[in-house]
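What follows is a set of notes on a single structure, which appears directly below.
Every number in this text was worked out from the coordinates using simple rules, so none of it is lab data. These figures come from a predicted structure and were not determined experimentally. Because the Cβ atoms are built from the backbone with ideal geometry, glycine has one as well, and the counts that use them run over all protein chains shown.
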């Protein structure tokens with residue numbers, strides 16, 4: 001909880017509220033450890049969301065793979081220009 | 001939570017109900033990523049992701065200037081997008097609108113506002129594209145447009161939206 005408060009830059013009550021909602025829908029699972037409460041993500045509950053976004057993500061992944069090739073060409077050209085007789 | 005970056009996969013997240021955030025790191029300085037993103041001859045080489053032929057790639061890169069991309073799929077369907085540049089900070093940031101041209105008749109076209117940000121660190125560039133829609137239905141349709149059979153789903157969904165607006 002303290003980790004989340006510092007990472008998110010939100011006040012503790014806000015973080016508690018978000019975590020409660022996430023717990024209620026089963027997106028996170030909580031475990032008591034002494035005075036601390038440890039939260040972990042519940043993967044299977046998040047899978048439908050992941051699946052929904054996956055195809056769109058795939059399109060951009062494929063685009064960016066092609067973009068990598070373009071960039072490699074530009075880098076080589078630029079290096080070539082650096083040693084040319086401009 | 002430890003952030004894991006992969007150079008192979010684009011990361012898509014949904015920060016709010018109206019947004020899509022696409023992130024990817026490239027092994028190149030930002031001025032080159034910016035060029036590949038804004039020069040038609042270069043955009044043609046990656047934007048279709050080998051899913052079709054780029055029929056039109058027009059970029060008038062100035063504030064108020066228009067852009068238009070049209071791809072023809074192998075089965076002859078044309079998929080077009082266009083918009084207008086709103087803010088241009090060379091090598092740093094581009095804000096533009098985007099309109100999908102395939103809306104069925106009777107449904108108002110909706111423009112998303114897309115912000116592309118180029119951040120360089122140690123010669124590598126992180127590209128972030130934040131897509132801001134005006135409501136959740138259009139955002140959801142946009143996400144589903146990436147599916148192979150997504151167009152029909154999108155049109156079905158659109159019909160629902162149209163009905164709910166009526």
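Place a point 7 Å from the Cα of residue B:62 along the Cα-to-Cβ direction; which residues of the range B:83-105 have their backbone N under 16 Å from it?
B:84-90
Suppose a student asked you for the relative contact order of chain A, using Cα pairs under 8 Å spaced at least 6 residues apart; what percent would you report?
16
Return a whole-number percent for the relative contact order of the range A:2-41, with Cα pairs under 8 Å and 6 or more residues apart as the contact set.
Reported relative contact order: 22 percent.
Counting helices only, and only those DSSP H runs with n ≥ 4, report the 222 nm mean residue ellipticity of the protein assembly as shown as the sum of -39,500 (n - 2.57) divided by its residues, in deg cm²/dmol to the nearest 500.
Estimated from H runs of four or more residues: -12500 deg cm²/dmol.
Under 18 Å from a label point 7 Å along Cα→Cβ of residue B:121: give me every residue in the range A:2-30 with its amide N that close.
It comes to A:7-9, nothing else.
Once both axes come from the Cα atoms, what is the angle between helix A:43-82 and the longest principal axis of chain A, in degrees from 0 to 90, rounded to 10?
30
Which residue, A:70, A:21, A:53, has the most motion in a Gaussian network model of chain A that connects Cα atoms within less than 10 Å?
A:70
Counting pairs of alpha carbon atoms under 8 Å apart in space and at least six apart in sequence, what relative contact order in percent does the range B:11-135 give?
26
Could you calculate the FRET efficiency of residue B:55 with residue A:69 from 1/(1 + (r/R0)^6), where r is the beta carbon distance between them and R0 is 25 Å, rounded to 0.05?
Details: r = 21 Å, r/R0 = 0.84.
Step by step, r from the Cβ atoms, then E = 0.75.
Classify the protein assembly as shown from the C-alpha gyration tensor, please: rounded if a/c falls under 1.5, else prolate or oblate depending on whether a/b exceeds b/c.
Oblate, because a/c is 1.5 or more while a/b does not exceed b/c.
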